[in-house]
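Below is one structure, written out as structure tokens; comments come after it.
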Amino acid sequence: MDDLIKLERNVRSTYATTLSLLASRYHYHIPISERDVPGLPRVLFLGNHSSGKSSFINHIAGTEIQHSGLAPTDDGFTLITHGETEETLDGQTVVTHPDLDYQDMADLGPEFLAKLQYKTYPAEILRHLTLIDSPGMIDSASGSQLRGYDFRECVRRFSESADLILFFFDPDKPGTTGEAISIFTEQLVGLDHKLLIILNKVDLFGHIRDFARTYGTLCWNLSKTIPTKDTPRIYTTYIPDIATGEADQKNTIPLGDFDASREEIIAEIKRAPARRADNLVSGLLIQAKRLAVHSAVCLEAASAYNHLTNKIRLGICFSLLLVGGASWLTRTWWFNDEWRVAFSERNWQALTTPGIVVGSAVAISILIALIMSYALRKLRRSIISEEGLDVFFKRAYKNEFSIRKRADLYSIWDAVKPGILGVVRAHGLRSLSTSSSSRKLLKKLEQSIEKEIPSLRRKIDFTSSFLSNDVQPDVEHDEQPPKDSVSLDESPAPPVREEEDRSAKS
Ligand SMILES: Nc1nc2c(ncn2[C@@H]2O[C@H](COP(=O)(O)OP(=O)(O)OP(=O)(O)O)[C@@H](O)[C@H]2O)c(=O)[nH]1
Ligand SMILES: [Mg+2]
């Protein structure tokens, strides 16, 4: 677990040292949620009511932490993690406790906090994880009125910060409930990489036909709500401690395969820290690559613009020098006695020749100035158009494209282009740095994309220690709790994370 904390620190320091300065120079916004979910890896249990979420938590913890029952049982979220003793904290304390990383949940409202609980239990599996139990979903169009808080928003928040989401169904409700449908189509969009769908209580099927019918109904309902090409995998399982009595009497389907499925789910739960590590590094890598393309194209466009404005400036200086030189060389022609006398006598007719020369010189200068400003405006407009930026993108990566087709670069470019357009429109091309220090920062970023960032993930070995632990409670262990878990009777330790945060931000 120390490895994961170290990795988090390394990821934060890479954000602070390699990314943030370049990002501020090119007005690149690094989304906070993608880079920073503090605390232990989180596993979120979602699903229809009475589908067995709390029972599954009790099963993997090896003891009854959560109440379970046939009627809707949980009406609030419960955060369950390791502690030397069994303790329960209320929601208000959870969001104000400096050592717990849930301060951002405070704005979900007093009704949500009134039903939020934080439980510690000395179960070994919880040493490296926080399990989040949720209220079951119901078939009500107005869930928020029923619960008193915005359930969907809470699900969205917990889902975004979770490393694994388990979505439970049971044979009674293989058709998704109203709430489940809207959560699949709204709150869980884009999170399918960390979503496992579970059909629980399969021991209740009296016959294989019933199982097939229910499984088919669930697939059908999911295919309508999850907009992916393939039907998602459904883990089919049951909880043995609960099922035995009934299964002995009426079970006609062999339960062996479902045991294997349950073991797979538990293995995935134990893999949550590894998922967290992967998510941290891949999130950093994605941001770093996007920032590199963003900065490279900004640099290219700003350099081209500066190059042209410099040329124009040089042209103006050259013309001024030419005019000055020509005037100097022809000074005897300009300042002859005849014109001097005509000027003092206000005899404009006699000054027609020099007047025409001066007038045409001024007219030509104005014309040149107008043409140049028009050309500059046109150039600026062409740079800040999508097509213009495409040209600079290709120019910035001409070496890479000359070697092979880089589809990955194009997909990053698609994600980054709207941001660059916004930046040049809002801040202008002049605001973008073209200094050698910015080029050095970009080079450093590109080097860490190649070597340092991928090597962060390699340093961790998740196959050791906690991944091989049994799913049994271990009340009498002597080890100290990990740094992230909280002993509730102790006075709060210094908030290490906040310090890190501050240093990362600075
Ligand atoms: N036969 C059988 N019963 C189960 C299984 N899992 C859970 N149950 C029972 O189903 C009922 C509901 O279980 P809970 O764990 O309370 O379900 P929940 O999803 O937490 O429900 P809510 O908190 O209301 O959302 C309880 O009576 C459990 O004993 C299973 O695999 N097989
Ligand atoms: Mg429950």
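Just a few scattered comments:
- The string of couplings for segment 109-122 from the Karplus curve (6.51, -1.76, 1.60, θ = phi - 60°) is x, x, 5, 5, 5, 5, 9, 7, 10, 10, 10, 10, 8, x Hz, one whole number per residue in order, with x for Gly and Pro.
- With R₀ fixed at 56 Å, the C-beta to C-beta distance from LEU320 to SER282 puts the FRET efficiency at about 0.50.
- Rolling a 1.4 Å probe over the protein heavy atoms leaves THR352 with an accessible area of roughly 70 Å².
- Calculated from backbone phi, Karplus (6.51, -1.76, 1.60) coupling profile of segment 57-70 in Hz, x at Gly/Pro: 4, 4, 5, 6, 7, x, 7, 8, 8, 10, 6, 9, x, 6
- In segment 293-455, the ratio of gyration radius to Kirkwood radius, Rg to Rh, stands at 1.27 when only Cα atoms are counted.
- Farthest towards the positive end of the charge dipole of segment 293-455, among the residues THR353, VAL297, GLY428, is the Cα of VAL297, using unit charges on the Cβ of Lys, Arg, Asp and Glu.
- Interchain or long-range residues, amide H under 5 Å from LEU196's placed H: ILE165, LEU166, PHE167
- In order through segment 412-418: 3J(HN,Hα) via Karplus (6.51 cos²θ - 1.76 cosθ + 1.60), integer Hz, x for Gly, Pro: 5, 4, 4, 6, 8, 3, x
- Scoring 373-384, 80-91, 268-279 by mean Cβ neighbours within 10 Å over their residues and listing the highest first yields 268-279, 80-91, 373-384.
The values are calculated or read from the model by the stated rules, or taken from the named source; none is laboratory data. Computed from a predicted structure; not experimentally measured. Every residue, glycine as well, gets a Cβ built from its backbone with ideal geometry; the counts of neighbours run over all protein chains shown. What goes into the accessible areas is simple: the full protein's heavy atoms, side chains included, and nothing from ligands, DNA or RNA. Shrake-Rupley method; radii C 1.70, N 1.55, O 1.52, S 1.80 Å.
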